[in-house]
Structure formats: structure tokens, C-alpha cells
């Protein structure tokens with residue numbers, strides 16, 4: 001019995017030494033409940049963890065397991081919120097410099113008719129795709145189909161994330177099929193909770209590149225644990241016939257779901273209500 005107590009004490013001491021004060025940890029009790037927070041205090045019989053939602057919590061050392069917390073989807077080490085935004089790789093309709101993680105999958109629905117999917121083949125390469133239902137429902141024609149590969153070149157601890165990608169849109173009718181789309185490069189400044197993205201791209205029609213670039217300016221600002229603001233704008237005709245489309249959305253979210261509601265406007269002064277929901281799996 002004495003040997004077992006000594007071994008247990010040594011293991012406990014090792015676990016204490018392994019966790020540094022100020023590091024982000026996850027504490028699991030005997031029922032499986034978990035708390036994520038900053039390790040503030042270690043004594044011989046307890047841990048004190050600070051979680052920004054529930055404050056400081058005390059745990060008896062012999063009743064819980066503690067380990068360094070690493071969220072496989074996290075781009076942030078902040079413990080200000082209990083989870084990262086579910087899909088930092090997209091704003092409303094545009095992309096950001098953040099990428100999908102390997103094995104991460106999402107489904108996005110825009111105003112019921114737009115269906116979009118994404119799959120992370122690696123931490124730096126994803127394939128997005130989708131189709132719209134308005135054409136077959138209202139016009140009886142084939143839906144437009146999107147294929148959109150995206151590469152990201154990022155260090156998750158960096159304040160700048162880069163990406164390049166392309167959008168291939170296939171438009172079909174009874175007699176022919178046409179192709180339109182764009183190629184682009186983007187840079188996102190900030191972290192997943194507060195960021196600005198700038199992008200530069202060129203559209204094409206039947207693989208003929210357009211004469212003028214397309215500019216993207218978008219951003220995300222997290223207001224609290226479950227709410228954020230999303231700004232998305234695309235500008236064309238920089239040197240001739242300038243035009244801008246922009247949306248401002250209120251984002252409601254949890255760990256694997258988001259819902260955007262807001263308005264879309266353009267330089268003509270028109271506006272329309274918009275909505276978007278997405279699930280991450």
C-alpha cells in the first residue's frame with residue numbers, strides 16, 4: 001500500500017509540473033464534464049482554473065484529470081470565449097485567409113436556393129463546391145454548378161493568413177455549356193475573433209480573363225460568445241464603371257453552427273434582406 005501511495009504521489013507531482021501557470025488547460029471530472037480555462041493556481045490539493053464565462057473554479061486534484069488544451073479546429077489561443085467561430089474560412093459569400101482543417105466538412109445554405117459544401121483535404125488545401133436551385137425551379141434549366149479549390153499558406157499563430165483559390169462555375173442549357181468564374185489571392189489580418197480580409201482577383205468568361213481586377217474587402221468582429229458582425233464587399237470596374245456590392249450581417253453561432261441575417265446593398269442604392277446558415281461537421 002505504501003508503495004502505491006508513493007507511486008501515486010510521484011505521478012501527481014509529475015502532472016503538476018507538466019502544467020504551467022497561465023497555460024490553457026482542460027479539466028475533466030469523473031462524470032466526463034469538462035471546463036476549459038487558464039490555470040491560475042496549483043496547490044498540493046487543488047487546481048484553480050479561470051474561465052471567462054463562469055469565473056474561477058476550484059477542483060480537487062485527486063478528483064479530476066488535467067491536461068493542456070488543444071482544440072483541433074482552433075486558430076486562437078484566447079480563452080476569452082468558450083469556442084472559436086465555427087467557420088473562420090468564410091464570411092458571407094467570400095473566403096478568408098483561414099482554411100479548413102484536414103477532415104473538416106461544412107454545409108452552407110444561402111437563401112434556401114444556394115447550396116454549398118466544403119471539405120478539407122489537408123490543413124492547407126480544401127475543395128468547395130455547390131449548386132443553386134433557382135434555375136431548375138423557376139426557369140426549368142439546369143442548375144449552375146460551382147467547384148472552388150483553395151490553398152492556404154498560414155501559421156495559425158501568425159496575425160496574417162494568406163490564401164489563393166479559384167471559382168469555376170458551369171452554366172448549362174439544352175444546347176450548350178458555358179464557363180465563368182474567378183481566380184483570386186487573399187490576405188487576412190487578425191485572428192478568428194477579429195479580422196479584416198483584403199483580396200484581389202480577376203473574373204473570366206469562357207476562360208478569357210477580364211480586363212479589370214475584382215477587389216474584396218471583408219471583416220468579422222466578434223461581439224460576445226455567440227454573436228458577431230460580418231461585413232462583405234466586392235468591387236468591380238475599378239478603372240471603368242465602378243460598382244460595389246456589400247452585405248452587413250449579424251452572425252449567431254455556436255461550436256458547429258452559424259446563422260447570418262442582414263442586408264445586401266450596391267452602388268445603385270438598392271438593398272435586399274439576406275440570410276445564410278452553415279453547419280460544420
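If you check 184, 204, 271, which single one turns out to be surrounded by 19 or more Cβ atoms within 10 Å (Cβ to Cβ) and in the same structural domain as residue 140 (by TED's automatic domain parsing)?
After ruling out the rest, the residue left standing is 184.
Consider residue 199 carefully, then state whether it is part of a strand (DSSP E or B) and either without any contact (Cβ under 8 Å) to a residue 24 or more places away in the chain or at positive phi (or both).
So residue 199 does not fit the description; no.
Is it true that residue 119 is assigned by TED's automatic domain parsing to the domain that holds residue 273, part of a strand (DSSP E or B) and modelled with pLDDT under 95?
Answer is no for this residue.
Can you find a residue in the range 54-67 that is outside any strand (DSSP E or B), modelled with pLDDT of 75 or more and closer than 30 Å to residue 159 by Cα?
Within the range 54-67 (the criterion being outside any strand (DSSP E or B), modelled with pLDDT of 75 or more and closer than 30 Å to residue 159 by Cα), the answer is yes, since at least one residue qualifies.
Between a first residue in the range 53-65 that is under 15 Å from residue 25 (Cβ atoms) and a second residue that is assigned to a loop (DSSP other than H, G, I, E, B), which pairs have beta carbons less than 6 Å apart while being 6 or more apart in sequence or on different chains?
Matching pairs, first to second residue: 61/45.
Out of everything in the range 187-201 that is crowded, with 17+ Cβ neighbours inside 10 Å and over 16 Å from the mean Cα position of the chain (by Cα), what residue ends up being farthest from residue 134 (Cα to Cα)?
It comes out as 199.
Just checking, how many residues over the range 68-101 are in a loop (DSSP other than H, G, I, E, B) and at pLDDT below 75?
Here the count works out to 11.
The values are calculated or read from the model by the stated rules, or taken from the named source; none is laboratory data. None of the values given here were measured: they were computed from a predicted structure. Using ideal geometry, Cβ is built from the backbone for each residue, glycine included, and neighbour counts are taken over all protein chains shown.
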